[in-house]
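A short reminder: the numbers here are calculations on the coordinates, not readings from a lab. It should be emphasised that the depicted structure is a prediction, and the values quoted were computed from it without experimental measurement. No Cβ is skipped: glycine too gets one built from the backbone with ideal geometry, and neighbour counts run over all protein chains shown.
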Amino acid sequence: MRTRQANPLGPLPTSGLLGFSRCGFEADLVEELKDLGADHAGLVTDGLVQATSNRDPTTMPVFARDLLRVSGALEGLTRGDRIGPIAAHLRASAIHGDSLILLAADSESGRKLAPMLRSMGRQLANELSLPLVSQSRPGSVIVVFVDSTTALLAQTVGSVSNPWPGGIARLKMPHGAPSRSTLKLDEAFALMLTAAQRSRWLRAGMRAVDLGAAPGGWSWQLVNRGMSVTAIDNGPIKGELQGDPLLTHLRADGFRWQPPRPVDWLVCDMVAKPARVVERIALWLSNRWCARALFNLKLPMQSRYQSWLRLREQLLQQCRLPLQVQARHLYHDREEITVLAVPKRPRANSQSAAGEQVPTSEKLDRRRPKARPREPDAAPRPGRRRR
Ligand SMILES: C[S@@+](CC[C@H](N)C(=O)[O-])C[C@H]1O[C@@H](n2cnc3c(N)ncnc32)[C@H](O)[C@@H]1O
């Protein structure tokens with residue numbers, strides 16, 4: 001085997017797990033993978049981490065944008081001879097995919113490989129008689145280029161892998177949304193809720209509170225799904241959302257304001273000390289002011305994984321209800337992570353996942369004289385656009 005021309009930072013895996021992270025978060029992912037039971041975990045190159053583990057995780061690690069299982073490595077690929085060796089290796093191995101994806105890390109050097117991936121993708125797909133796809137699924141053969149001469153061959157990890165290859169959430173900025181952080185909530189709903197939860201929990205006619213709402217990107221996502229939103233922020237809400245009948249903007253302190261009646265969703269993007277945010281979220285959930293909460297926590301630059309573990313523990317301790325908690329470092333997150341907390345309500349005769357039984361604000365709010373009429377499904381309101 002020829003040696004690599006470029007110089008990735010770590011040894012090349014030929015098996016085990018391959019994790020994709022935001023650049024600068026590799027150490028957090030390494031620590032988390034070790035904590036999840038990997039015998040060894042380390043850096044491959046910027047934005048790519050490997051772990052020796054025979055067990056597939058059942059959930060995505062917080063600091064992984066994507067997770068794949070490596071089935072082989074090819075080194076010394078040359079400009080005129082990349083397709084042949086990859087195709088030969090795949091044919092000779094036991095990998096029988098039904099679709100093909102070419103990918104590199106989301107790093108400065110990884111992005112420079114984009115023209116090469118574009119030009120060879122179609123040729124490799126033809127050579128293998130596989131469709132070249134942009135969303136990964138179980139059965140996809142994923143070729144991850146570490147550099148221009150080195151490729152890892154990988155496959156998805158059950159249903160854990162991100163449908164957006166490498167976790168790069170390709171979402172279009174919606175026309176009319178007042179800030180790019182609108183994409184963060186869109187991505188969170190796409191990745192952190194199951195399809196069943198999306199159709200049950202994101203329904204027109206539901207009520208939501210958005211703490212730290214300005215300029216309104218998150219509120220826009222909720223209003224766009226037909227929810228009534230109370231936006232709490234001393235700053236201004238911008239754009240078309242300002243006059244929307246579904247939006248009520250209150251200039252108030254998100255750490256003091258209380259809802260007059262329970263809501264279906266609490267979302268919170270206040271830039272504040274994470275322990276303070278967690279305390280507030282725990283209070284909302286304990287008092288059943290909201291059926292579920294989705295919020296951002298800005299983590300310190302050091303020991304982010306340990307910080308998250310402490311914050312998670314704080315949330316579980318301060319909330320008087322047992323919770324199901326999920327956290328992700330999303331593609332649209334920077335120094336923060338996004339957390340979904342849903343009270344568990346075990347059903348007597350059901351083995352269904354915890355958190356599935358949370359009452360909506362209608363059930364919570366016995367005092368409400370008449371429920372706002374709900375639309376039959378989560379379809380967008382006329383004139384509203386959904387992705
Ligand atoms: C990152 S921005 C929110 C962006 C928003 N999610 C969006 O999509 O447009 C953080 C916001 O939190 C607000 N904020 C910070 N502390 C707050 C508090 N105590 N009460 C209410 N809002 C607060 C700030 O005014 C700021 O508008």
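Against the condition farther than 15 Å from Leu266 by Cα and within 12 Å of the ligand (Cβ to nearest atom), how does Ser179 come out, does it pass? Break it down stepwise before answering.
Values: farther than 15 Å from Leu266 by Cα: yes; within 12 Å of the ligand (Cβ to nearest atom): yes.
Yes: the conditions hold for Ser179.
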Given region 1-116, what helices (runs of 4 or more DSSP H) lie entirely inside it while holding 3 or more residues that are out of contact with any strand residue (DSSP E or B) (no Cβ under 6 Å at 6 or more places or on another chain) and acidic (Asp, Glu)?
26-35
Could you count how many residues in region 205-219 are part of a loop (DSSP other than H, G, I, E, B) and more than 9 Å from the ligand (Cβ to nearest atom)?
2
Filter region 275-307 down to residues that are assigned to a strand (DSSP E or B), crowded, with 19+ Cβ neighbours inside 10 Å and within 13 Å of the ligand (Cβ to nearest atom), then give me how many there are.
4
Just for region 54-95: of the residues that are within 22 Å of Phe20 (Cβ to Cβ) and charged (D, E, K, R), which one is surrounded by the fewest Cβ atoms within 10 Å (Cβ to Cβ)?
Arg55
Looking at region 154-178 only, could you name the residues that are crowded, with 18+ Cβ neighbours inside 10 Å and among the small types (Gly, Ala, Ser)?
Ala154, Ser161, Gly166, Gly167, Ala169, Ala177
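Residue by residue, here is whether (1) surrounded by fewer than 23 Cβ atoms within 10 Å (Cβ to Cβ); (2) in contact with a Phe, Trp or Tyr (Cβ under 6 Å, 6 or more places away or on another chain); (3) of a type in the set (Phe, Trp, Tyr) holds:
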| residue | (1), (2), (3) |
| --- | --- |
| Ala188 | no, no, no |
| Leu191 | yes, no, no |
| Gln197 | yes, no, no |
| Leu202 | yes, no, no |
| Ala208 | no, yes, no |
| Pro215 | yes, no, no |
| Leu222 | no, no, no |
| Val229 | no, no, no |
| Gly235 | yes, no, no |
